[in-house]
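First comes the structure, then the notes that go with it.
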Amino acid sequence: MEAIIFMFCFALHNIEEALWGVEWKTKTMPNSRIKPNQKTFNFALLGVTILGYLAAGLHLLYPDNIYFEYAFIGGVGFLLFNAVMPHLIMTIVYKKLCPGVLTGCFLIIPFHIIILNNAVNRGLEIIEIILSTIIVAVILLTIFLIAVLIKKVSKSNVS
């Protein structure tokens with residue numbers, strides 16, 4: 001059931017970001033070095049969502065597999081962290097509702113805290129949750145950086 005709740009929260013959160021994220025960033029941070037593109041942003045959201053669903057689905061199908069548990073819990077921890085940083089913090093800093101903060105505050109934070117608490121009650125150590133979250137974050141950041149490099153290389157080859 002936790003994996004289904006995770007997927008539901010993840011999907012709604014990414015829909016919220018896809019609908020308003022690029023426009024919000026363009027209007028709120030016009031001098032930002034990173035200029036978002038709606039198609040690229042949606043593609044990245046889709047990729048991250050697929051990976052999250054993969055981890056949740058494998059955990060749902062193989063609940064006794066510790067590696068799938070770590071991948072799932074890492075995804076839960078990553079999304080919980082993501083709800084706070086950047087969404088909640090950017091809303092406070094810019095005094096403007098950042099896309100992702102509503103689903104972050106009302107779905108992700110409460111449900112993901114419960115999911116992580118249940119993991120601890122099942123015997124997972126806090127350090128395992130933290131390490132799983134860091135590993136998932138590093139993997140997602142690496143994928144993001146590779147995508148940025150591919151985009152830069154493809155742009156330079158076109159010129």
Quiz item: Quick one: what pairs do we get from region 53-73, first residue free of Cβ contacts under 8 Å to residues at least 60 places away in the same chain, second surrounded by 13 or more Cβ atoms within 10 Å (Cβ to Cβ) and assigned to a loop (DSSP other than H, G, I, E, B), C-beta under 9 Å, 6+ apart or different chains?
Solution: 58/65; 59/65; 69/63; 69/124
Quiz item: Of all the residues that make up region 121-159, how many are under 17 Å from the mean Cα position of the chain (by Cα) and not aliphatic (A, V, I, L, M)?
Solution: 4
Exercise. State all residues of region 61-74 that are touching a Phe, Trp or Tyr at 6+ places or on another chain (Cβ under 7 Å) and assigned to a helix (DSSP H, G or I); if no residue qualifies, say none.
Key: 68
Quiz item: Can you spot a residue in region 31-51 that is at pLDDT 90 or above, more than 20 Å from residue 144 (Cβ to Cβ) and either in contact with a helix residue (DSSP H, G or I) (Cβ under 6 Å, 6 or more places away or on another chain) or not aliphatic (A, V, I, L, M) (or both)?
Solution: no
Exercise. Identify the single condition in (1) in contact (Cβ under 8 Å) with a residue 24 or more places away in the chain; (2) under 22 Å from residue 8 (Cα atoms); (3) surrounded by 15 or more Cβ atoms within 10 Å (Cβ to Cβ); (4) among the β-branched types (Val, Ile, Thr) that residue 135 does not satisfy, given that it satisfies every other one.
Key: (2)
Quiz item: How many residues are surrounded by 18 or more Cβ atoms within 10 Å (Cβ to Cβ) and among the polar types (S, T, N, Q) if we restrict to region 4-29?
Solution: 1
Quiz item: What's the number of the condition residue 123 fails, among (1) modelled with pLDDT of 95 or more; (2) among the small types (Gly, Ala, Ser); (3) surrounded by 13 or more Cβ atoms within 10 Å (Cβ to Cβ)?
Solution: (3)
Quiz item: Restricted to region 30-42, and to residues that are assigned to a loop (DSSP other than H, G, I, E, B) and touching a residue at least 12 places away in the same chain (Cβ under 8 Å), which residue is surrounded by the fewest Cβ atoms within 10 Å (Cβ to Cβ)?
Solution: 37
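Restricting to region 60-76, name every residue that is hydroxyl-bearing (Ser, Thr, Tyr) and surrounded by fewer than 13 Cβ atoms within 10 Å (Cβ to Cβ).
Listed by number, the residues that qualify are 62, 67.
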Exercise. For residues that are aliphatic (A, V, I, L, M) and over 13 Å from residue 5 (Cβ atoms), scanning just region 88-108, find the one that is surrounded by the most Cβ atoms within 10 Å (Cβ to Cβ).
Key: 101
Quiz item: Among the helices (runs of 4 or more DSSP H) confined wholly to region 85-159, which include 1 or more residues that are within 25 Å of residue 56 (Cβ to Cβ) and among the small types (Gly, Ala, Ser)?
Solution: 109-121, 126-158
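The values are calculated or read from the model by the stated rules, or taken from the named source; none is laboratory data. Since the structure is predicted, the reported quantities are computational estimates derived from the model, not experimental observations. Glycine also receives a Cβ, built like all others from the backbone with ideal geometry; neighbour counts cover every protein chain displayed.
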